Amino acid sequence: MNRPKRRPADEPVRLTLRLPADTVRRLREVARQRGLSVNGLLDEAAALALLEYEFLRPSDEAAPPR
């Protein structure tokens with residue numbers, strides 16, 4: 001039996017989100033104003049959320065494996 005190949009950590013992965021139509025409309029507008037795609041905007045937002053999580057996590061709490 002062949003095992004699936006592991007992806008490099010920085011290889012893009014497809015993710016499907018279900019968001020309210022108004023949220024999507026607003027995200028598209030913000031992305032347009034910033035000269036980004038919605039994907040680029042969400043990528044930036046995710047990076048900021050992870051940075052905030054890692055910065056605010058208590059120092060005695062082990063970092064999750066990447």
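Helix 38-56 and the long axis of the chain differ in direction by around 50°, with both axes built from C-alpha atoms.
Rank these for me by crowding, R57, R7, going from fewest to most other beta carbons within 10 Å. It would help to have the intermediate numbers written out before the result.
On the way: R57 12, R7 9.
Lowest to highest Cβ neighbour count: R7, R57.
If each DSSP helix of 4+ residues adds -39,500 (n - 2.57) and the sum is divided by the residues in the chain, what number results at 222 nm, nearest 500 deg cm²/dmol? Intermediate values should be presented prior to the final figure.
On the way: 2 runs with 33 residues, N = 66.
Calculated mean residue ellipticity at 222 nm is -16500 deg cm²/dmol.
None of the figures in this text is laboratory data; all of them are computed from the coordinates on show. Because the structure is a prediction, the values reported are computed rather than measured. Cβ coordinates were reconstructed from backbone atoms using ideal geometry, including for glycine residues, and neighbour counts include every protein chain displayed.
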